[in-house]
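**Student:** Below is one structure. I have some questions about it.
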Amino acid sequence: MRKIASLCASALFATSMIVPAGHAAAAPAEVSHNQAVGGFFNTCNDEFITFTGTARTIDKPNADGSVKTSFNIHGKGTGSLGNEYVVHYNLLLVRASTGHLTLDDEKAILVSKGSAPNQSVLFHFSSDSPEIIFEIVCRG
């Protein structure tokens, strides 16, 4: 349950920064860089990783009133079992002019610097398809 909560918390954080644009011409993209502090759960070895790093958010209003948001984190962390990790998290959201979410693509990658297993988590939702993809892959 922690792995889902971690992804949901990350998605909730990123979506809370989205403000739907009006139906005017598309505005230029807004880019922000911030310090990122958080945690992920590596289900491959039941280890909770706390990390710090850099977060980048790009909000791009489109001419149709939709908003495309890209949110990326790159950081380093230490797990509860003492393992060191490199953390990569990518999120792509598209909201219609009504504010409804039409696309949600997320990928979290935990790369161990030692013998602990690596983990990648993929989540995909599109309002164009009833299929939701949630996949966890362990390597190493």
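The values are calculated or read from the model by the stated rules, or taken from the named source; none is laboratory data. Computed from a predicted model, the values in this text were never measured in an experiment. Reconstructed Cβ throughout: ideal geometry from the backbone, glycine too, with neighbour counts over all protein chains shown.
**Student:** Scan region 100-112 residue by residue and report those that are free of Cβ contacts under 8 Å to residues at least 40 places away in the same chain and closer than 17 Å to Gly77 by Cβ. Give the steps one after another, and end with the answer.
**Tutor:** First, pick out the residues of region 100-112 that are free of Cβ contacts under 8 Å to residues at least 40 places away in the same chain: 100, 102-103, 105, 107, 109, 111-112.
Across region 100-112, the qualifying residues are Lys107, Ile109, Val111, Ser112.
**Student:** If only one of Ser115, Ser97, Ser129 is out of contact with any strand residue (DSSP E or B) (no Cβ under 6 Å at 6 or more places or on another chain), in contact (Cβ under 8 Å) with a residue 40 or more places away in the chain and either surrounded by fewer than 18 Cβ atoms within 10 Å (Cβ to Cβ) or at positive phi (or both), which one is it? Break it down into steps so the answer makes sense when it comes.
**Tutor:** Values: Ser115 fails: in contact (Cβ under 8 Å) with a residue 40 or more places away in the chain; Ser129 fails: in contact (Cβ under 8 Å) with a residue 40 or more places away in the chain.
Among Ser115, Ser97, Ser129, only Ser97 is out of contact with any strand residue (DSSP E or B) (no Cβ under 6 Å at 6 or more places or on another chain), in contact (Cβ under 8 Å) with a residue 40 or more places away in the chain and either surrounded by fewer than 18 Cβ atoms within 10 Å (Cβ to Cβ) or at positive phi (or both).
**Student:** Quickly run through region 55-105 and pick out the residues that are hydroxyl-bearing (Ser, Thr, Tyr) and either within 14 Å of Gly39 (Cα to Cα) or out of contact with any Phe, Trp or Tyr (no Cβ under 8 Å at 6 or more places or on another chain) (or both).
**Tutor:** From region 55-105, those hydroxyl-bearing (Ser, Thr, Tyr) are 57, 66, 69-70, 78, 80, 85, 89, 97-98, 102; that's our starting set.
Within region 55-105, Ser66, Thr69, Ser70, Thr78, Ser80, Tyr85, Tyr89, Ser97, Thr98, Thr102 qualify.
**Student:** Right, next: Considering region 41-72 alone, what residues qualify as being in contact with a helix residue (DSSP H, G or I) (Cβ under 8 Å, 6 or more places away or on another chain) and either farther than 24 Å from Leu101 by Cα or β-branched (Val, Ile, Thr) (or both)? Even if it seems obvious, please write down each step before you answer.
**Tutor:** Step one: of region 41-72, the residues in contact with a helix residue (DSSP H, G or I) (Cβ under 8 Å, 6 or more places away or on another chain) are 41, 43, 48, 57, 69, 71.
Those that are in contact with a helix residue (DSSP H, G or I) (Cβ under 8 Å, 6 or more places away or on another chain) and either farther than 24 Å from Leu101 by Cα or β-branched (Val, Ile, Thr) (or both): Phe41, Thr43, Phe48, Thr57, Thr69.
**Student:** Quick check on my filter: what residues within region 79-89 are assigned to a strand (DSSP E or B) and either on the phi > 0 side of the Ramachandran plot or surrounded by 15 or more Cβ atoms within 10 Å (Cβ to Cβ) (or both)?
**Tutor:** Gly79, Tyr85, Val86, Val87, His88, Tyr89
**Student:** Here's another thing I want to ask about it. Could you tell me whether region 46-56 includes any residue that is within 20 Å of Pro117 (Cα to Cα), at pLDDT 95 or above and part of a loop (DSSP other than H, G, I, E, B)?
**Tutor:** yes
**Student:** When you go through (1) touching a strand residue (DSSP E or B) at 6+ places or on another chain (Cβ under 9 Å); (2) loosely packed, with under 14 Cβ neighbours inside 10 Å; (3) at pLDDT below 90; (4) more than 24 Å from Gly140 (Cα to Cα) one by one for Ala26, which number turns out not to apply?
**Tutor:** (2)
**Student:** For region 106-122, which residues satisfy the criterion of being within 24 Å of Gln35 (Cβ to Cβ) and either aromatic (Phe, Trp, Tyr) or assigned to a loop (DSSP other than H, G, I, E, B) (or both)?
**Tutor:** Lys113
**Student:** Name the residue that is nearest to Gly53 (Cα to Cα), counting only residues in region 64-78 that are of a type in the set (Val, Ile, Thr) and crowded, with 17+ Cβ neighbours inside 10 Å.
**Tutor:** Kept after step one, since they are of a type in the set (Val, Ile, Thr), are these residues of region 64-78: 67, 69, 73, 78.
Now drop any that are not crowded, with 17+ Cβ neighbours inside 10 Å, which leaves 67, 69, 73.
Details: Val67: 25, Thr69: 19, Ile73: 7 Å.
Per the criteria, the residue is Ile73.
**Student:** Here are some conditions: (1) within 15 Å of the chain's Cα centre (by Cα); (2) of a type outside the set (Gly, Ala, Ser); (3) buried (at least 16 other Cβ atoms within 10 Å of the Cβ). Val37 meets all but one. Which one does it not meet?
**Tutor:** With respect to (1) within 15 Å of the chain's Cα centre (by Cα); (2) of a type outside the set (Gly, Ala, Ser); (3) buried (at least 16 other Cβ atoms within 10 Å of the Cβ), Val37 is out only on (3).
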